Amino acid sequence: MIALRGLTRHFEVGDQTVRALQDVSLEIPEGEYVAIMGPSGSGKSTLLHILGCLDRPTSGEYVLDGREVGSLPEGDLAEVRSHKIGFVFQFFHLVPRLTATANVELPMLLAGLPPVERRERAAQALLAVGLSDRASHRPNQLSGGQRQRVAIARATVMRPSILLADEPTGNLDRASGFEIIELIERMNLAGLTLIVVTHDQDIGQRARRIVRLVDGRIASDVRQEGAAGRGAAPPSPA
Amino acid sequence: MTLREYLAFGLQALRGHRLRSILTLLGMTIGIAAVVLLTALGEGARRYVTNEFMAMGSNLLIVLPGKTETTGSAPIIGGTTSDLTLADAEAIVRRSPRVRALAPLAVGAAKVSFGDRDREVTILGSTAELLPVRRLAVAAGRFLPPSDPERGAPVAVIGRTVQNELFGARNPLGQPVRIGDARFRVVGVMAAKGQQLGIDMDDVVIIPVASCMRLFNQRSLFRMIIEVTANSEIEAAKRDVLRILAERHDDVEDVTVLTQDSVLGAFNRIFTALTLALGGIAAISLTVAGIGIMNVMLVSVSERTSEVGLLKALGAKPRQILLAFLTEAGLLSAAGGLLGIFVGYLGVGALALRFPALPAQPPTWALLASIVVSLGAGLLFGVLPARRAARLDPVTALGSGH
C-alpha cells in the first residue's frame, strides 16, 4: 500500500526553483497496475524516483506499507529499496562484465544472502522470465528483449511488493516491447504492484488505472474497465 | 556482503579493464621492487663493511699518531707531535692489564725481487702478534717469529699473489728475496685473504716492524693495533692507552685512539643513512604509484557512475559502495606490492650472482614497510574515489552515461 499526501519536490537550479511535483496525493493499493503518463517534464520520472525511494520529497508524506519513508536517512532507504522495490529501466542497466546469473544475483549479494540461496533463486528467476538457457551469457551476447528479461528477473528476485518500470519498452522494438509488458503483467496478476512510467499510449492503455501528470500535478486519475491488468481497489479521488 | 564477496566483486571489476589494471599494478610493482632492491643495496653495503671489520678481529683499538679529533679546546699552536714508537708499544703492553695483544704496524711500498722477477708490493712491518690480532692465517711455513720487536730479523712472510708472481710453481720457503736494497729470507706464505678494507692482503710482504722502519727510514709507527681482553674493557683500555702515551709524550695527548666500535658505528650510521636515502628515493616512486591508483580509481568511478546508481537502486548502502571501491584499490595495490617484492627479490638474486661479495639483502623493516605502504597507499589513495562513488546521488548516477 502506497500513500502519498501533499507531496512536493523542488529542485534548485541556479537561483531558480523548479517545481517538479506539486501537492501530489495518491493511494496505490497492493496488487494495483498503474500507468503514470504525461509529457516530458511533467514530473513522472521524479514521482517514480520518489516512489522507488531513490529520491526524497521536499515536503509531504510518503507512507509505504504503513511506514513513513519520505524522510528516512540514506542507509534505511537502501534497505527499503532492497526489500520492497524492484526497478526496471529503459536502458536495462545490466553490469556488462557480469553474466545474466551474476546480474540477477546482485541484489541478493548486496542484501547478504548466502551463495547457495542466491544461485537457486537466480536460477528460478531466470526460469520465470524464460532465459534459463542464457544464464551464463553476458549482456552483450543477449538481444534487447533478453536483456530486459534479465533486468526483470533481477528486479523481482528479492520478491519485492512493488515493481517500478521506467519506460520499460522504450528501447525495444514493438514485438519485444509487448512481450516484456506481458511478462510484467503476468507478475502483476500474481500479486505484484506494478507501476509503469510511459509516454506510449498503447502501453499505458493496458493498465487498470492511468495517472496523468501535467506540470507536476495530477491532471487525471482514471480507472479503466477491461484492461489487461487485474487491478485491485477502485482509485481514490486525487 | 562478506570480505570474500567484496574481493570477488572487485576482481571482476578489475578484470573488466585488464590492460588498465595491469598498468596500474605495474606502477606499484616497480615502486615496491625499487624499495626492496635499493634498500637491499644499502643494507648490503653496510653488511659488507661490517663483515670486513669483523674479519679484522674483534675488541680492537687502533692508535694513530697525531690528534685528528676535534675537541673543545683550540689546538696548541706550535706543539710538536711525538712519534709513536716501539718503546711506546712496549710500555702499553707492560702497563695496561687490559691489553691482550699489541701489533705495531709500519707500512711502505717497495720493489720485491727474486731472481730476475720483481714486483712493486705493499710492505707491512709488524710482529708475531699481527697474526692473531688481524685473524690472519699462514698457508705454508710460519709467520714472523716472536722476538724482540726492536730487533729486525731479515725474514719475510709473503702473500699468495706475491708467491705466484715471483716464484710461480717453485717453493718459496727458504728462498732469498730482495726488498728495496735489503735481503730477506722467505719463511712463510699467507693464506689467501683477498681484499680487506681496500688493501689486497694477498699482495703484501710482511717483515719485522724494525726492519720495515729501517728500510723506509721511518721514525714513527703507522699505527698500533691493540686487542683488548674483553669488549667491556674497550673504553677503559682506551683511557689506559691515552694516559700511558700522554705520560710518555710530555703530558700532551697527541695520538688518536679509535675503537673498532666507534669506527663501525660511524660506518653503520653512514650506511643506514644511505639505505634510508635510497629507500626515500624509492618511496617517491611508491607515491607516484599510489597516485596512479587514485587516478585509475577516479576514472573507474566516473566511468561506472551509472553502475553505482544501479547498485544503489538495487539496495546498496553507501558503505557497501565505499567498501567495494576500496577493495578494488586495495586489491590493485596489494597485488602490485606482492609482485614488487617478488621482482625486487629477483633483482637481489641477480645482484648476488653478479657481485657475490656484496651481501645484498633487503632489511626486514624495508620489507614490512613496503607491504604496509603498498596496502596503505592503495587504501589511502582509494578513499577519495570510493567516497565520491558512495556519495553519488542515485537518480543522477542512474541517468548518466546515456
**Asked** Among the residues of the range B:367-397, how many are within 14 Å of chain A (Cβ to nearest Cβ) and either surrounded by fewer than 18 Cβ atoms within 10 Å (Cβ to Cβ) or in contact with a Phe, Trp or Tyr (Cβ under 7 Å, 6 or more places away or on another chain) (or both)?
**Response** 5
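Among B:Glu235, B:Glu227, which is the only one that is in contact with a Lys or Arg (Cβ under 6 Å, 6 or more places away or on another chain) and not hydrophobic (A, V, I, L, M, F, W, C)? Break it down stepwise before answering.
Working: B:Glu235 fails: in contact with a Lys or Arg (Cβ under 6 Å, 6 or more places away or on another chain).
Checking each option against the conditions leaves just B:Glu227.
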**Asked** Does the range A:108-115 contain at least one residue that is surrounded by fewer than 17 Cβ atoms within 10 Å (Cβ to Cβ), modelled with pLDDT under 95 and farther than 24 Å from A:Ala78 by Cβ?
**Response** no
**Item:** Residues (within 18 Å of B:Phe222 (Cβ to Cβ) and in contact with a Ser or Thr (Cβ under 8 Å, 6 or more places away or on another chain)) located in the range B:26-61
**Value:** B:Leu60, B:Leu61
**Item:** Selection from the range A:19-77 of residues that are on the phi > 0 side of the Ramachandran plot and over 18 Å from the mean Cα position of the chain (by Cα)
**Value:** A:Asp23, A:Gly41, A:Gly60, A:Gly66
**Request:** Kindly provide the set of residues from the range A:34-57 that are outside any helix (DSSP H, G or I), within 14 Å of chain B (Cβ to nearest Cβ) and not acidic (Asp, Glu), ordered by number.
**Result:** A:Ser40, A:Gly43, A:Gly52, A:Cys53, A:Leu54, A:Arg56, A:Pro57
**Request:** Could you grab me the full set of residues in the range B:353-372 that are closer than 19 Å to B:Gly194 by Cα and not in a loop (DSSP other than H, G, I, E, B)?
**Result:** B:Leu353, B:Arg354
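One line per residue, one yes/no per condition, for (1) under 30 Å from B:Val255 (Cα atoms); (2) acidic (Asp, Glu):
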site	(1), (2)
B:Leu7	no, no
B:Arg18	no, no
B:Ser21	no, no
B:Gly27	no, no
B:Ile30	no, no
B:Glu52	yes, yes
B:Ala55	yes, no
B:Gly66	yes, no
**Message:** Take B:Ala329 and tell me if it is assigned to a helix (DSSP H, G or I), away from every other protein chain (no Cβ under 14 Å), modelled with pLDDT under 90 and surrounded by fewer than 20 Cβ atoms within 10 Å (Cβ to Cβ).
**Reply:** no
**Message:** Show the residue pairs meeting these rules: Cβ distance below 6 Å; 6+ apart or different chains; first residue within the range A:6-29 and closer than 15 Å to A:Ser45 by Cβ; second residue buried (at least 20 other Cβ atoms within 10 Å of the Cβ) and of a type in the set (Ser, Thr, Tyr).
**Reply:** A:Arg9/A:Thr46; A:Ala20/A:Thr46; A:Leu21/A:Thr46
**Request:** Would you confirm whether any residue within the range B:12-20 is in contact (Cβ under 8 Å) with a residue 40 or more places away in the chain, surrounded by fewer than 20 Cβ atoms within 10 Å (Cβ to Cβ) and in the same structural domain as B:Leu278 (by TED's automatic domain parsing)?
**Result:** yes
**Message:** Going by what's in this entry, would B:Val49 be described as buried (at least 20 other Cβ atoms within 10 Å of the Cβ) and either at pLDDT 85 or above or closer than 27 Å to B:Ser370 by Cα (or both)?
**Reply:** no
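Please indicate, with yes or no, whether at least one residue in the range B:313-326 is more than 10 Å from chain A (Cβ to nearest Cβ), part of a helix (DSSP H, G or I) and either closer than 22 Å to B:Val288 by Cβ or free of Cβ contacts under 8 Å to residues at least 24 places away in the same chain (or both).
Here is the first cut: in the range B:313-326, the ones more than 10 Å from chain A (Cβ to nearest Cβ) are B:322-323, B:325-326.
Okay, now just the ones that are also part of a helix (DSSP H, G or I), so B:322-323, B:325-326.
Retained after the next criterion (residues that are either closer than 22 Å to B:Val288 by Cβ or free of Cβ contacts under 8 Å to residues at least 24 places away in the same chain (or both)): B:325-326.
Yes - at least one qualifying residue is present in the range B:313-326.
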**Asked** Among B:Leu322, B:Leu298, B:Leu311, B:Leu338, which is the only one that is hydrophobic (A, V, I, L, M, F, W, C), within 30 Å of A:Leu164 (Cα to Cα) and surrounded by fewer than 24 Cβ atoms within 10 Å (Cβ to Cβ)?
**Response** B:Leu322
**Message:** Quick check on A:His93: is it surrounded by fewer than 22 Cβ atoms within 10 Å (Cβ to Cβ), within 12 Å of chain B (Cβ to nearest Cβ), touching a helix residue (DSSP H, G or I) at 6+ places or on another chain (Cβ under 9 Å) and under 22 Å from B:Pro318 (Cβ atoms)?
**Reply:** no
**Item:** All positions within the range B:165-200 that are farther than 18 Å from B:Asp118 by Cα and part of a loop (DSSP other than H, G, I, E, B)
**Value:** B:Ala191, B:Ala192, B:Lys193, B:Gly194, B:Leu197, B:Gly198
**Message:** On the basis of being polar (S, T, N, Q), surrounded by 15 or more Cβ atoms within 10 Å (Cβ to Cβ), away from chain A (no Cβ under 14 Å) and under 30 Å from B:Pro362 (Cα atoms), does B:Thr275 make the cut?
**Reply:** yes
**Message:** Condition first: closer than 15 Å to A:Asp23 by Cβ and either surrounded by 15 or more Cβ atoms within 10 Å (Cβ to Cβ) or modelled with pLDDT under 75 (or both). Now tell me which residues in the range A:215-235 satisfy that.
**Reply:** A:Gly216, A:Arg217, A:Ile218, A:Asp221
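Given the structure, is A:Ala153 assigned to a helix (DSSP H, G or I), within 14 Å of another protein chain (Cβ to nearest Cβ) and either touching a Lys or Arg at 6+ places or on another chain (Cβ under 6 Å) or aliphatic (A, V, I, L, M) (or both)? Break it down into steps so the answer makes sense when it comes.
Numbers: assigned to a helix (DSSP H, G or I): yes; within 14 Å of another protein chain (Cβ to nearest Cβ): yes; either touching a Lys or Arg at 6+ places or on another chain (Cβ under 6 Å) or aliphatic (A, V, I, L, M) (or both): yes.
So A:Ala153 passes the test.
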**Request:** Among the residues of the range A:106-142, write down those that are within 10 Å of chain B (Cβ to nearest Cβ) and within 26 Å of A:Gly170 (Cα to Cα).
**Result:** A:Leu106, A:Pro107
**Request:** State whether one or more residues within the range B:351-366 are away from chain A (no Cβ under 11 Å), aromatic (Phe, Trp, Tyr) and in contact with a helix residue (DSSP H, G or I) (Cβ under 8 Å, 6 or more places away or on another chain).
**Result:** no
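Just for the range A:166-182: of the residues that are surrounded by 20 or more Cβ atoms within 10 Å (Cβ to Cβ) and hydrophobic (A, V, I, L, M, F, W, C), which one is farthest from A:Ile85 (Cα to Cα)?
So, considering only residues that are surrounded by 20 or more Cβ atoms within 10 Å (Cβ to Cβ) and hydrophobic (A, V, I, L, M, F, W, C), the one farthest from A:Ile85 (Cα to Cα) is A:Leu172.
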**Asked** Looking at the range B:113-125, is at least one residue in contact (Cβ under 8 Å) with a residue 12 or more places away in the chain, in a loop (DSSP other than H, G, I, E, B), over 29 Å from the mean Cα position of the chain (by Cα) and closer than 18 Å to B:Val63 by Cβ?
**Response** no
**Request:** Sort through B:Val228, B:Val296 and tell me the only one that's outside the structural domain of B:Arg46 (by TED's automatic domain parsing) and touching a helix residue (DSSP H, G or I) at 6+ places or on another chain (Cβ under 6 Å).
**Result:** B:Val228
**Asked** Has the range B:145-152 got any residue that is in contact with a Pro (Cβ under 7 Å, 6 or more places away or on another chain), touching a residue at least 12 places away in the same chain (Cβ under 8 Å) and either assigned to a strand (DSSP E or B) or over 17 Å from B:Ile199 (Cα atoms) (or both)?
**Response** yes
**Complete:** Pairing a residue in the range B:294-307 that is within 14 Å of chain A (Cβ to nearest Cβ) with any residue that is among the charged types (D, E, K, R) and buried (at least 22 other Cβ atoms within 10 Å of the Cβ), where Cβ atoms lie under 9 Å and the two sit 6 or more apart in sequence or on different chains, gives B:Ser300/B:Glu328
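The values are calculated or read from the model by the stated rules, or taken from the named source; none is laboratory data. Just so we're clear, the structure is a prediction, and the values are computed from it rather than from any experiment. For neighbour counting, all protein chains shown are included, and Cβ atoms are generated from backbone atoms with ideal geometry for every residue, glycine included.
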